[in-house]
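Below is one structure, written out as structure tokens; the observations come after it.
The values are calculated or read from the model by the stated rules, or taken from the named source; none is laboratory data. No experiment lies behind these values; they were computed from the predicted model shown. No Cβ is skipped: glycine too gets one built from the backbone with ideal geometry, and neighbour counts run over all protein chains shown. Ligands, DNA and RNA are excluded from the accessible area calculation, which covers all protein heavy atoms including side chains. Shrake-Rupley method; radii C 1.70, N 1.55, O 1.52, S 1.80 Å.
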Amino acid sequence: MQQAKSYRISFVLILLALFFAWILNISSGSVTIPFKAILSSLFGGEVKIDSWNYIIWNYRIPKAFTAILVGGGLSISGLLMQTLFRNPLAGPFVLGISSGASLGAALLLMGASLITGLTSFTLLSDVSLAIAASIGSFLVLLVIVLVANRIKDTMALLIIGLMFGSITAAIVSVLAYFSTAENLQRFIFWSYGSVGNLSSQQVILLGGIVGVGMLLSILSIKKLNAFLLGENYAQSLGVSLKKSRLFIIIATGLLAGGITAFAGPIAFVGLAVPHLTRQIFDTMEHRVLIPSVFLYGAILMLLCDTIAQLPNSANVLPINAITSLVGAPVVIWLLVRKRKMLF
């Protein structure tokens, strides 16, 4: 009873932290907007300059919601992988799903002109890039699902996922070697990751994908708790290992593949946030972990995106670099303080 009460207090504090991180993210950018004007715009008051209102509602708010979806979704996919494989180093990149998205983007950006001879202007747009990355991630996911039907050992499946990542990275390297400088530069910018290039319609579509992935994750809570006790124990509880693994892999593919397609490959978040959450909540119960991991991932991504935006400058630092620079020292400090990795 006392523990449930402490969780309620913790969730209230996390939600308050998420709100302040969201406000801070909306307040930052290349154009300086007074904090009072931002609050007036958000709560329907008058704003002195119309362009401030336009920037807040058409650029900063969609970007802030994208950061929440990306951070929360990637963190949940990392939690699912770490529980399924009972391995603290597992993450959304491990099964090759994110690498598949990178391969799809690379084939469009660098391979299309080599194969067809068409110029990049006939093929490239943000929508076509998202479609290509989605197709790449889901083709890899399809192969993983077929392999999972034949292999019972989850560690073997983990290694096969790493091999898929190596194969796709090798193909991307070959495409980069023969690509033009212009197409190579476009792919490199996509690989930096970004949460600021999506339209409102794309944010809604991304929200739908993350929502379905979250729903599948919530439906898997009992199976995830059983997997933590070992596959034999899970089977003794009546859990179908094959169906459960497929269910969890599909949820991970939707979250990691869909997010990578729209925001680019963003490392570290999916691996680190579940560890951060376990250190703070000190529980293995997925009814607590799934919502808390989503909220912590959203807060981390909002703060990283805020730091990535240089004040009074149109330049934005690569979000991949910021997530590692900000998050890694925090994880190291927590592990040194606790003197062990909870899992």
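I'm checking a number: the convex hull volume of the Cα atoms of the chain, normalised per residue, in Å³. What is it?
149 Å³
Assuming R0 = 25 Å, what is the FRET efficiency of residue 147 and residue 221, from their Cβ-Cβ distance, to the nearest 0.05?
Calculated value: 0.45.
Expressed as a whole percentage, what fraction of the accessible surface of the chain belongs to carbon and sulfur atoms when a 1.4 Å probe is rolled over the protein heavy atoms?
On the chain, the fraction of accessible area on carbon and sulfur atoms equals 69 percent.
Principal axes first, then extents: for the Cα atoms of region 146-262, list largest minus smallest coordinate on each axis, whole Å, largest first.
Dimensions of region 146-262 along the principal axes of its Cα atoms: 57, 35, 20 Å.
Can you list the DSSP H helices in the chain whose Cα atoms extend at least 24 Å along the helix axis and whose mean Kyte-Doolittle hydropathy is 1.6 or higher?
Qualifying helices: 126-150, 154-178, 200-219.
Rg/Rh for region 176-332 to two decimals, with Rh computed the Kirkwood way over all alpha-carbon pairs.
On the Cα set of region 176-332, Rg over Rh gives 1.03.
Calculate, in nm to one decimal, what residue 19 and residue 192 gain on full extension: separation in residues at 0.36 nm each, minus their alpha carbon distance.
Value of the extension gain: 59.6 nm.
Give the total of Lys-Lys pairs in the chain with Cα-Cα distances below 25 Å; include a pair only if its members are 8 or more places apart or on different chains.
Here the count comes out as 13.
Apply 1/(1 + (r/R0)^6) to the Cβ-Cβ distance of residue 240 and residue 178, taking R0 = 56 Å, and write down the FRET efficiency to the nearest 0.05.
0.75
Quick one: accessible area per residue over the chain, 1.4 Å probe, rounded to a whole number of Å²?
48 Å²
Pull out the extension gain between residue 46 and residue 162, defined as 0.36 nm times the separation in residues minus the alpha carbon to alpha carbon distance; nm, one decimal.
Length difference between fully extended and current span is 36.4 nm.
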